[in-house]
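Each remark here refers to the structure printed beneath this line.
The values are calculated or read from the model by the stated rules, or taken from the named source; none is laboratory data. Bear in mind the structure is a predicted one, so any value in this text is a computation, not a measurement. When we count neighbours, we look across all protein chains shown, and the Cβ atoms used for this are built from the backbone with ideal geometry, even at glycine.
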Amino acid sequence: MRVIALAGRDELTPEEASAVGAAAQAAGVILLPTDTLYGLGADPFSPAGLAAIFRLKGRDPHKPLPVLIAGPEFVSRFAAGVPAAWRALMARFWPGPLTLLFPALPGLPAGIRSASGKVALRVPGSALCRAVVRAAGGSLTGTSANAAGAGGTGDPGAALRALAGEIAVFVDGGTLPPSAPSTLLDVDAAGVVTQLRPGAVAAGDWRRVV
């Protein structure tokens with residue numbers, strides 16, 4: 001396991017960025033700090049990388065993984081379109097702890113595409129997290145670093161202990177401040193927004209935008 005110690009920094013050196021990119025290209029799993037909790041990142045287009053995440057977490061493979069992207073410009077890699085309600089929410093809360101369900105492009109791997117044809121995307125609020133995601137090619141899975149059914153953590157040591165398998169790269173950003181997970185929203189064909197998971201963006205705040 002390659003350890004990249006970044007406490008106090010929010011950028012990677014060229015050599016560190018290269019290590020992250022190489023791990024992602026080789027279907028490796030990256031343990032990284034997000035703006036909420038420690039997460040498990042793999043190339044979302046890599047079946048082997050996605051399978052490794054499901055195996056590490058003991059997660060139901062029919063429960064797709066959310067995706068972190070380095071910026072809104074990467075939405076088009078995954079989404080067939082941007083619902084009107086999402087444009088205002090993206091402008092207000094991205095980068096930040098808000099995950100939005102988009103209509104998925106045909107052909108996305110089943111590990112990130114739901115049975116209903118949606119993909120969950122987020123631009124994280126942490127500059128360090130965005131730097132890691134960009135080094136990996138602009139996108140990484142963004143599921144919390146814990147066994148399925150357990151709570152996430154901002155403690156890097158606890159995150160490592162919770163994982164029964166091998167991590168290719170561990171990006172150590174130190175202990176993260178306590179935080180709720182990202183808020184998860186869906187929207188139907190009529191433009192009605194539904195909160196699927198409460199989180200760091202309060203319902204009153206996102207409702208005022210839409």
Problem set entry | Selection status of F93, touching a residue at least 24 places away in the same chain (Cβ under 8 Å), farther than 14 Å from S182 by Cβ and either surrounded by fewer than 17 Cβ atoms within 10 Å (Cβ to Cβ) or not hydroxyl-bearing (S, T, Y) (or both) | no
Seminar exercise, completed: Sole miss for I167 among (1) surrounded by fewer than 16 Cβ atoms within 10 Å (Cβ to Cβ); (2) β-branched (V, I, T); (3) in contact (Cβ under 8 Å) with a residue 40 or more places away in the chain is condition (1)
Exercise. Could you say which residue among G191, G154, G149, G137 is under 16 Å from the mean Cα position of the chain (by Cα) and at positive phi?
Worked result: G137
Exercise. In the list A200, A120, A131, A127, which residue meets the criterion of being surrounded by 17 or more Cβ atoms within 10 Å (Cβ to Cβ), hydrophobic (A, V, I, L, M, F, W, C), in contact with an Asp or Glu (Cβ under 7 Å, 6 or more places away or on another chain) and over 16 Å from V29 (Cβ atoms)?
Worked result: A131
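This table checks each residue for (1) farther than 30 Å from A22 by Cα; (2) among the β-branched types (V, I, T).
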{"position": "A147", "(1), (2)": "no, no"}
{"position": "G154", "(1), (2)": "no, no"}
{"position": "L160", "(1), (2)": "no, no"}
{"position": "S182", "(1), (2)": "no, no"}
{"position": "L185", "(1), (2)": "yes, no"}
{"position": "A190", "(1), (2)": "yes, no"}
{"position": "T194", "(1), (2)": "yes, yes"}
{"position": "V201", "(1), (2)": "yes, yes"}
{"position": "D205", "(1), (2)": "yes, no"}
Exercise. Considering only segment 182-210, how many residues are in a loop (DSSP other than H, G, I, E, B), modelled with pLDDT of 90 or more and closer than 13 Å to T99 by Cα?
Worked result: 5
Exercise. Name the pairs: first residue in segment 108-127 and at positive phi, second residue of a type in the set (A, V, I, L, M) and not in a loop (DSSP other than H, G, I, E, B), Cβ to Cβ under 7 Å, at least 6 apart or on different chains?
Worked result: G117/A104
